[in-house]
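The values are calculated or read from the model by the stated rules, or taken from the named source; none is laboratory data. The shown structure was predicted, so the numbers you read here are calculated from the model rather than taken from an experiment. Every residue, glycine as well, gets a Cβ built from its backbone with ideal geometry; the counts of neighbours run over all protein chains shown.
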């Protein structure tokens, strides 16, 4: 058996080392291509809320999503001296397009009128409602409620009420039945 001279062994070792390094470099290198830039979610538009009744300046005011009745009341100049704030939930969250009535002392709110969040017809928030809450909506059983929850989880929540038609099994007819019963708050 022939043995290699020392210089051959060294040369062969260097060659194998360089070849191994090149292969590892090739495997570990970053892929070529254009980097993806993720854009932030669009900033939601301010809500428009109508406040009326025993307030200094009744009218429509803008408030950021997640705002409360107390903030709208302050924007309207505060309550008048004859306001009955005991009937109002000042800590209630407001919704886009909502009407808030601040009753006067001795005034009884009409059935279905909203004062803070004490509405007789509570709207369901598609981005926060539980399975049971979604199933309270007309035409929404367990399967569709689960589909709504799966959609909001996979898409980061709903951005508009119309987006519910993208959920499997929910079309324009269902949207028409639900549009006054559902709301969207930012996820």
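Scanning the stretch 19-62 for residues that are farther than 30 Å from residue 98 by Cβ, at pLDDT below 90 and surrounded by 10 or more Cβ atoms within 10 Å (Cβ to Cβ) yields 21, 22, 23, 24. Applying the condition of being free of Cβ contacts under 8 Å to residues at least 24 places away in the same chain and surrounded by fewer than 16 Cβ atoms within 10 Å (Cβ to Cβ) to the stretch 150-167 and asking which residue is nearest to residue 99 (Cα to Cα) yields 162.
Only one of the numbered conditions (1) outside the structural domain of residue 65 (by TED's automatic domain parsing); (2) in contact (Cβ under 8 Å) with a residue 24 or more places away in the chain is violated by residue 51, and that is (1). For the stretch 168-178, filtering for residues that are assigned to a helix (DSSP H, G or I) and crowded, with 18+ Cβ neighbours inside 10 Å leaves 2. Of all residues in the stretch 30-89, those satisfying the criterion of being at positive phi, assigned to a loop (DSSP other than H, G, I, E, B) and in contact with a strand residue (DSSP E or B) (Cβ under 8 Å, 6 or more places away or on another chain) are 66, 77, 78.
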